[in-house]
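J.: Sending over a structure as structure tokens; questions will come in a sec.
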Amino acid sequence: MSRKNFYLLIPGIVLTITMLFGYLIVGANQNDFMPQQKEIVSDCNFKLSQYLSRIAPGQTEAQFPYKNYIDSTNTGNVSCILNDLKLLDSVTKNHNESESILATTLTTKLQDRIDTGFSVYKPDSLILLMQWAEKFQYYGEIDKNNELFFSSIFDYWLNYICTKLSNYASQKPSLKYDFKFKFLVAKCIEKRYNPSVKVTSFEKFVDNMIQSKWGHLANATWNQTSLTQKIVLVLFFVLTLYGILCIIQKHFF
């Protein structure tokens with residue numbers, strides 16, 4: 001191969017290596033299998049009344065069995081939670097206090113229990129957490145008497161998920177291309193919560209390249225470039241094509 005022909009091939013080689021290198025760096029996980037929540041246990045296995053009977057008057061918040069309650073299956077069944085809320089009302093005689101105790105159990109106390117598990121990115125666990133939190137949004141829309149109680153729990157966990165997504169993306173930018181990461185971001189935005197996950201133009205380019213959206217990629221690139229850039233792109237393409245044709249002609253004709 002002559003030096004001249006080699007130089008003509010350089011643009012095409014550079015483009016190919018850049019695309020390959022970008023893909024390898026990203027290493028995005030495109031697994032689209034979504035985890036399914038365990039079947040809700042209809043029986044409320046945690047007998048809260050037994051614990052409440054041992055609590056001293058006026059000490060409900062301080063002596064509430066937070067750990068035991070979190071370990072129970074009641075947290076997965078909203079009907080059980082509502083029954084427990086009524087039991088608390090019978091002890092506290094104050095509905096707002098009862099809501100505060102149970103909301104604390106299902107937010108900050110629960111976070112203390114599971115937060116270590118989210119120190120690293122675990123998409124399936126985040127999706128399950130999202131599915132669980134969504135129940136409170138739906139119940140809040142139906143049960144207007146406890147709307148504030150349900151919405152506060154939902155709001156807490158959506159903000160938690162958004163914060164985690166933002167932290168994960170800042171620590172490892174390539175997660176922005178992960179299928180489940182994008183799903184979680186989209187779900188947050190759908191619920192009107194916005195994770196601080198910024199995507200640059202180059203990252204959008206790489207994302208479209210990974211998903212093989214060549215038509216969209218070409219159209220977006222062409223529409224967003226200036227006239228000078230369009231001319232350079234055309235010359236680059238022509239030069240690359242000419243170099244390839246020269247090599248073919250040299251070695252095969």
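J.: Would you check if A62 is assigned to a loop (DSSP other than H, G, I, E, B) and of a type in the set (G, A, S)?
T.: Values: assigned to a loop (DSSP other than H, G, I, E, B): no; of a type in the set (G, A, S): yes.
Against the criterion (assigned to a loop (DSSP other than H, G, I, E, B) and of a type in the set (G, A, S)), A62 does not qualify.
J.: List pairs: first residue in the range 103-126 and surrounded by fewer than 16 Cβ atoms within 10 Å (Cβ to Cβ), second residue part of a helix (DSSP H, G or I) and β-branched (V, I, T) anywhere in the structure, Cβ distance under 6 angstrom, at least six positions apart or on different chains.
T.: Within 6 Å, the pairs are R113/I70.
J.: Do the conditions hold for Y121, that is, is it under 26 Å from the mean Cα position of the chain (by Cα), closer than 27 Å to N167 by Cβ and of a type in the set (F, W, Y)?
T.: Criteria met by Y121.
J.: Any residue that is closer than 14 Å to E99 by Cα, touching a Leu at 6+ places or on another chain (Cβ under 8 Å) and buried (at least 16 other Cβ atoms within 10 Å of the Cβ) - is there at least one of those in the range 164-175?
T.: Checking the range 164-175: not a single residue is closer than 14 Å to E99 by Cα, touching a Leu at 6+ places or on another chain (Cβ under 8 Å) and buried (at least 16 other Cβ atoms within 10 Å of the Cβ).
J.: Sticking with this one: Residue pairs, Cβ under 7 Å, 6 or more apart or interchain, first in the range 158-182 and more than 11 Å from P123 (Cα to Cα), second assigned to a helix (DSSP H, G or I) and small (G, A, S). List them.
T.: Partner pairs satisfying both residue conditions: L158/A133; K176/A169.
J.: Go through the range 54-70 and give me each residue that's charged (D, E, K, R) and free of Cβ contacts under 8 Å to residues at least 40 places away in the same chain.
T.: R54
J.: Right, something else. Would you check which residues across the range 62-88 are loosely packed, with under 15 Cβ neighbours inside 10 Å and over 24 Å from E134 (Cα atoms) and list them?
T.: Scanning the range 62-88 gives A62, Q63.
Quick note: the coordinates plus some simple rules give every number you see, no bench work behind them. Computed from a predicted structure; not experimentally measured. Because the Cβ atoms are built from the backbone with ideal geometry, glycine has one as well, and the counts that use them run over all protein chains shown.
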